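The values are calculated or read from the model by the stated rules, or taken from the named source; none is laboratory data. Everything numeric here is computed off the predicted structure, so don't read it as measured data. Cβ coordinates were reconstructed from backbone atoms using ideal geometry, including for glycine residues, and neighbour counts include every protein chain displayed.
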Amino acid sequence: MMLIIQGLVVHTPDLKQLAKLAGASGIEAITQQAFRLRDASAEAEAAVRDYCEQAQLDYGFVPEDRSLGRFGLLVMDMDSTLITIECIDEIADMVGVKPQVSEITAAAMRGEIDFAESLTRRVALLKGLDQGALQRVYDERLQLSPGAETMLAGLKRHGIKTLLVSGGFTFFTERLKDRLGLDYAASNTLEIVDGKLTGKVLGRILDAQGKADALNGMRAELGLSREQVIGMGDGANDLKMMAAAGVSIAYHAKPVVRAQATHALNRVGLDGVLNLFG
């Protein structure tokens, strides 16, 4: 196995100790913040995990033949994954109900509330809001997660298609799709009448199962195997989608997601995906 070590700062003594713990044969630099330890033993994962937690580092045991060129599709969540915010929380701030909406959002992401129920409750609190608030959130508050554009450029170089799946709204996913050159997007549509949000979502809510269905449908359309798909997210409603992928990445995620993912990026940006399989 290869042991990939990443961090905002990676110190040489830490690399040497991790190489010793994992029985690695050598250390190679990928970038100034990412390193590859060759011939590492996955049996040392518990010790490596504990050490990396103390040293504020991300790690990943990766088979030597698992390179980016073996993948054909990356499916990712939007809110708190591709971007730094939860769009619905910021929309709610426009009508003074952010605390109430944020509380429901957090509970849903921890898996304590069914996602469809939580979205229905949150959107209902937005009733009467002028649709111009959506553009304000996009213009004033939406920011890409660190490393997003580097990751997407690397995926494109390897011919890997990208699908953005979100329990959020088409207003944002479609703009991000066009802006970043994403290949596909799927999300929910807010009902707007006479320029005002009605507090309802049009059609069937894209929930956890909807995300998984979108992944499986796109995988079949592209003629890919499960092993050729990467799924990435941060919340409980991403778990079914991530489980449908051959490799799953928890990005700055809730504990329930980190526990079930193939890999976790807790400290570095989205460009860490490239380092894992570069």
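Below, the figures for the structure above:
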| item | result |
| --- | --- |
| Pair list, Cβ < 7 Å and 6+ apart or interchain, from segment 30-46 residues that are within 21 Å of V9 (Cα to Cα) to residues that are assigned to a loop (DSSP other than H, G, I, E, B) and at pLDDT 95 or above | Q33/G7; Q33/L8; Q33/V10; Q33/V268; F35/V10; L37/A24; R38/A24; R38/S25 |
| Lone unmet requirement of (1) in contact (Cβ under 8 Å) with a residue 40 or more places away in the chain; (2) touching a helix residue (DSSP H, G or I) at 6+ places or on another chain (Cβ under 8 Å); (3) over 29 Å from L125 (Cβ atoms) for P146 | (2) |
| R36, sole failed condition from (1) of a type in the set (D, E, K, R); (2) within 16 Å of V273 (Cα to Cα); (3) surrounded by fewer than 19 Cβ atoms within 10 Å (Cβ to Cβ) | (3) |
| Test: residue in segment 195-211 that is part of a helix (DSSP H, G or I) and small (G, A, S) | yes |
| Strands (runs of 3 or more DSSP E) wholly inside segment 1-77 containing at least 3 residues that are over 26 Å from L239 (Cβ atoms) | 26-31, 34-38 |
| Exclusive hit being at pLDDT 95 or above, in contact with a Lys or Arg (Cβ under 9 Å, 6 or more places away or on another chain) and under 14 Å from D77 (Cα atoms), set A253, A236, A245, A264 | A245 |
| Top-ranked residue of segment 157-199 - restricted to ones that are β-branched (V, I, T) and in contact (Cβ under 8 Å) with a residue 60 or more places away in the chain, ranked as surrounded by the most Cβ atoms within 10 Å (Cβ to Cβ) | V165 |
| Set L15, L68, L8: member being surrounded by 15 or more Cβ atoms within 10 Å (Cβ to Cβ) and farther than 22 Å from A243 by Cα | L15 |
| Residues of segment 30-87 satisfying the condition of being aromatic (F, W, Y) and in contact with a His (Cβ under 8 Å, 6 or more places away or on another chain) | F71 |
| Meets criteria (touching an Asp or Glu at 6+ places or on another chain (Cβ under 9 Å), touching a residue at least 60 places away in the same chain (Cβ under 8 Å) and not in a helix (DSSP H, G or I)) for K127 | no |
| Segment 109-130: number of residues that are farther than 30 Å from S225 by Cα and buried (at least 17 other Cβ atoms within 10 Å of the Cβ) | 8 |
| Pairs where the first residue, in segment 93-106, is without any contact (Cβ under 8 Å) to a residue 40 or more places away in the chain and the second is part of a helix (DSSP H, G or I) and among the polar types (S, T, N, Q), C-beta under 8 Å, 6+ apart | I104/S118; T105/S118 |
| Members of segment 2-27 that are touching a Lys or Arg at 6+ places or on another chain (Cβ under 9 Å) and under 18 Å from V273 (Cβ atoms) | M2, L3, I4, I5, Q6, G7, L8 |
| Matching residues, segment 180-199, being charged (D, E, K, R) and either touching a strand residue (DSSP E or B) at 6+ places or on another chain (Cβ under 9 Å) or modelled with pLDDT under 95 (or both) | D183, E191, K196 |
| G128 touching a Ser or Thr at 6+ places or on another chain (Cβ under 7 Å), on the phi > 0 side of the Ramachandran plot and not polar (S, T, N, Q) | no |
| Output for segment 154-194, where each listed residue is assigned to a helix (DSSP H, G or I) and hydrophobic (A, V, I, L, M, F, W, C) | L155, F171, F172, L176, L180 |
| Hey, M218 assigned to a helix (DSSP H, G or I) and in contact with a Lys or Arg (Cβ under 6 Å, 6 or more places away or on another chain) or not | no |
| Candidates E64, E28, E45 - the one that is modelled with pLDDT under 95, over 30 Å from K177 (Cα atoms) and not polar (S, T, N, Q) | E64 |
| Number of the condition not met by A106 [criteria: (1) surrounded by fewer than 20 Cβ atoms within 10 Å (Cβ to Cβ); (2) part of a loop (DSSP other than H, G, I, E, B); (3) among the small types (G, A, S)] | (2) |
